[in-house]
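Notes to accompany the following structure.
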Amino acid sequence: GGVAGSGQPGGDQAEGVASGVLGVAVHEVLIKVVVDPGTSRPALLITQHDVTSRAQLEGTLKTLTETHLVMLSEIFPRHVIEFLALSPSPDTLAEEIAGLAGSHEGVSLLFMDVVGFTSMSKDVPARAVMAFLNDLFSK
């Protein structure tokens, strides 16, 4: 015989994901045929794991468009993207953010905003923009 309701004749285990009300809880259920040590008869072992946080993470990541993920993955490692997606508020503690940092020999990254740069770069030749940036970063 198989596992009742598994849809797998002769199978010895089945997996499924069930949830009550959407957004409340998600559980992964594993059903496995085992031998009862007291009676030596077949029995069903049913285990349940709460995978709500994993499901919420997957849902949140799915809401980001492919374009956003491609752009973010070019800037940040995956663990940083996941952290940003799951942060409950923009006021996340600096210590939590600092915990994401890594160190790599000989690598420096600088993120900055030069006020007026976008409008200036539209109005002047590319050579002048490059000269401006070279002058800015070489002093």
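The values are calculated or read from the model by the stated rules, or taken from the named source; none is laboratory data. Quantities reported herein were computed from a predicted structural model and do not represent experimental measurements. Cβ coordinates were reconstructed from backbone atoms using ideal geometry, including for glycine residues, and neighbour counts include every protein chain displayed. Note: accessible area is taken over every heavy atom of the protein model, side chains too, but ligands, DNA and RNA are not part of it. Shrake-Rupley method; radii C 1.70, N 1.55, O 1.52, S 1.80 Å.
Is there a residue being modelled with pLDDT of 85 or more and within 21 Å of the chain's Cα centre (by Cα) anywhere in region 27-43? Before the answer, list the steps.
Going residue by residue through region 27-43, those that are modelled with pLDDT of 85 or more are 27-43.
If we keep only those that are within 21 Å of the chain's Cα centre (by Cα) too, we end up with 27-28.
Within region 27-43 (the criterion being modelled with pLDDT of 85 or more and within 21 Å of the chain's Cα centre (by Cα)), the answer is yes, since at least one residue qualifies.
What are the residues in region 39-54 that are among the hydrophobic types (A, V, I, L, M, F, W, C) and loosely packed, with under 11 Cβ neighbours inside 10 Å, if any?
Within region 39-54, the first condition is being among the hydrophobic types (A, V, I, L, M, F, W, C), and the residues that meet it are 43-46, 51.
I46 - this is the single residue of region 39-54 that is among the hydrophobic types (A, V, I, L, M, F, W, C) and loosely packed, with under 11 Cβ neighbours inside 10 Å.
Would you mind finding the one in L57, L69 that is modelled with pLDDT under 80, under 29 Å from V80 (Cβ atoms) and either open to solvent by less than 90 Å² (accessible area, probe 1.4 Å) or of a type in the set (K, R) (or both)?
Details: L57 fails: modelled with pLDDT under 80.
Only one candidate qualifies: L69.
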Problem set entry | Entirely in region 41-139, the helices (runs of 4 or more DSSP H) that have 3 or more residues that are closer than 30 Å to I31 by Cα and free of Cβ contacts under 8 Å to residues at least 60 places away in the same chain | 52-63
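One line per residue, one yes/no per condition, for (1) of a type in the set (V, I, T); (2) modelled with pLDDT of 85 or more; (3) in contact with a Gly (Cβ under 6 Å, 6 or more places away or on another chain):
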{"site": "E74", "(1), (2), (3)": "no, yes, no"}
{"site": "V80", "(1), (2), (3)": "yes, no, no"}
{"site": "F83", "(1), (2), (3)": "no, no, no"}
{"site": "S108", "(1), (2), (3)": "no, no, no"}
{"site": "F117", "(1), (2), (3)": "no, yes, no"}
{"site": "M130", "(1), (2), (3)": "no, yes, no"}
{"site": "D135", "(1), (2), (3)": "no, yes, no"}
